[in-house]
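A quick write-up on the structure given underneath.
The values are calculated or read from the model by the stated rules, or taken from the named source; none is laboratory data. Only a predicted model underlies this, so the values are computations on that prediction, with no experimental measurement involved. Counting neighbours? That spans all protein chains shown, and the Cβs are built from the backbone with ideal geometry, glycine included. Quick note on the areas: whole protein, heavy atoms, side chains included, nothing else; ligands and nucleic acids left out. Shrake-Rupley method; radii C 1.70, N 1.55, O 1.52, S 1.80 Å.
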Amino acid sequence: MTAAVTPAAPPAARFDRRLIAPMILGAVLNPINSSMIAVALIPIGVALGAPPSDTAWLVSGLYLATAVGQPVVGRLVDTFGPRRLYLVGGALVGAAGLLGTLAPDLWVLVVARILLGLGTCAGYPAAMYLIRRSGADSPAGVLTALAVSAQTISVVGPTLGGLLIGFGGWRTIFAVNVPLAVACLVLGLRRLPGTPLPRTRIRLDLPGIALFTALLTTLLLFLMRPAHWYLLPVTLLAGAALAARESRTAEPFLDLRVFGGNLPLLATYGRNLLSYVIAYGFIYGFTQWLESGRGLSASATGLVLLPTFVAALVVSTLTGRRAAVRGKLVVGTVVQLGAALLLLTAGPDSGIWLLAAVALVAGVPQGLNGLANQSALYHQADPARIGAAAGLLRTFMYLGAIVAAAANGAFFAHGADTTGLHRLALFLLVVAALLLVATVADRTLGRVGNAKGAPS
């Protein structure tokens, strides 16, 4: 009698490693442009005669465009495939880099930054699409590489920007986008798979997009110009209209159902916003003060900030695969409190070693908080809506950066001096304290990622 032979299980699909280079390049275009601008704000302001309250629009314009554009582009990627949107995004990045290089005044630069924001929207959704559709068995290494590269590149941005400015002036941080865009186009054309066009007509929620844009724009204008108090009621009305619209339409632009009854997920969004208020408040505020208040050149400022990148890279590499979400957030937030306290000791005569120590301390939470919140979302979100939930996590990150830019514009209204830096430090202390309370009070974090084999 012959025993039945059980057919062998088919081998798990392997992720196509040729996709990693275009994925990572596309995903880091936004964080690198977000952070390089930090060392260029003072030189741009001096060259174009603009105060910090105006140059803050170079930061906010990009984030406003990205916060609105990312969900739209993500939907288009799901419909038309990653290749087309990736290539369009790369072309926009190249055009924005060229426009910024030749810009005659500040507001043309702001337009270039808005185009950069729109162009960099495609990289992250395209990467996530390729990972989800690869059929690979738990490509944790690819996900970790994507997360760590995007997070650490945002920290090395000021150093790279300082070196570029030292080499060729502030316009080089725009010009560098041209070769980056060419690389995206070449890699995209050669390595990204094509996708057949959909047979059914796509329906975009244009009223929802318009209301969401109105909500973010009026909120940003109010944060940048608090004296224009009438913008706040407009913001609230836009928010109410958006909620009413999106809860009733069949295919909403902003799927509010991801919030429904999921308080842990809402808490994760709130923590992500607070985390990036602190992170970008430091990156933009400390950087401007080093150049204006401490009198360092852009190149020297970039070198002073290099320990931030090193600390973030080391910490994220050592802890990236560990699932201790609550522990990461508590340690990261406590260190953020310490970094804000150190900012209060900085002054015009502070030694370079002290400034480098401040940068080193500030880099530790960069390697903890973002990855921890991403891991929390993975476990808290409805698996059927993980894409929408992940997109909203990025939107709250952009909102945090917008708040940070507005805070820098307010505290440095008369120049990036030491008084403004200390006021910013007190603001960051308050935000970090709120973040710590929110983290400790969230009992559900103790259960996140504790299952064996849970991804980090």
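Say whether the condition of being among the small types (Gly, Ala, Ser), free of Cβ contacts under 8 Å to residues at least 60 places away in the same chain and open to solvent by less than 60 Å² (accessible area, probe 1.4 Å) is met by at least one residue in the range 211-225.
Yes, the range 211-225 contains at least one residue that is among the small types (Gly, Ala, Ser), free of Cβ contacts under 8 Å to residues at least 60 places away in the same chain and open to solvent by less than 60 Å² (accessible area, probe 1.4 Å).
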Criterion first (modelled with pLDDT of 90 or more, open to solvent by less than 30 Å² (accessible area, probe 1.4 Å), in contact with a Ser or Thr (Cβ under 6 Å, 6 or more places away or on another chain) and more than 24 Å from Gln374 (Cα to Cα)) does Leu242 satisfy it?
no
Step by step: first the residues of the range 411-426, then only those that are part of a loop (DSSP other than H, G, I, E, B) and hydrophobic (A, V, I, L, M, F, W, C), then the one that is surrounded by the most Cβ atoms within 10 Å (Cβ to Cβ). Which residue is that?
Phe412
Would you point out the residue of the range 38-70, among those that are assigned to a helix (DSSP H, G or I) and free of Cβ contacts under 8 Å to residues at least 12 places away in the same chain, that is surrounded by the most Cβ atoms within 10 Å (Cβ to Cβ)?
Gly45
Would you be able to say whether some residue in the range 72-86 is farther than 30 Å from Arg133 by Cα and either open to solvent by less than 30 Å² (accessible area, probe 1.4 Å) or part of a loop (DSSP other than H, G, I, E, B) (or both)?
no
Residue within the range 383-396 that is out of contact with any His (no Cβ under 8 Å at 6 or more places or on another chain) and modelled with pLDDT of 85 or more present:
yes
From the set of residues in the range 94-111 that are among the hydrophobic types (A, V, I, L, M, F, W, C) and crowded, with 24+ Cβ neighbours inside 10 Å, which is farthest from Leu392 (Cα to Cα)?
Leu109
Residue check for Leu98: under 22 Å from the mean Cα position of the chain (by Cα), assigned to a helix (DSSP H, G or I) and modelled with pLDDT of 85 or more
no
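Residue by residue, here is whether (1) of a type in the set (Lys, Arg); (2) within 30 Å of Asp54 (Cβ to Cβ) holds:
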site	(1), (2)
Arg190	yes, no
Pro193	no, no
Leu197	no, no
Leu215	no, yes
Leu220	no, yes
His228	no, yes
Leu237	no, yes
Ala243	no, no
Phe253	no, no
Restricted to the range 251-269 and to residues being modelled with pLDDT under 80 and not aromatic (Phe, Trp, Tyr), the residue farthest from Ala372 (Cα to Cα) is Glu251
Of the residues that sit in the range 112-153 and are assigned to a loop (DSSP other than H, G, I, E, B) and at pLDDT 75 or above, which one is surrounded by the most Cβ atoms within 10 Å (Cβ to Cβ)?
Ala122
Positions within the range 226-265 being touching a helix residue (DSSP H, G or I) at 6+ places or on another chain (Cβ under 6 Å) and touching a residue at least 60 places away in the same chain (Cβ under 8 Å), in sequence order:
Phe253, Leu254, Asp255, Val258, Pro264, Leu265
Can you find even one residue in the range 184-199 that is more than 20 Å from the chain's Cα centre (by Cα), in a loop (DSSP other than H, G, I, E, B), under 21 Å from Asn30 (Cβ atoms) and of a type in the set (A, V, I, L, M, F, W, C)?
yes
Of all residues in the range 154-210, count the ones that are open to solvent by 70 Å² or more (accessible area, probe 1.4 Å) and among the aromatic types (Phe, Trp, Tyr).
1
Any chance the range 228-245 includes a residue that's outside any helix (DSSP H, G or I) and among the small types (Gly, Ala, Ser)?
no
Can you name the residue in the range 288-342 that is out of contact with any Lys or Arg (no Cβ under 9 Å at 6 or more places or on another chain), at pLDDT below 85 and outside any helix (DSSP H, G or I) and is also surrounded by the fewest Cβ atoms within 10 Å (Cβ to Cβ) among such residues?
Arg321
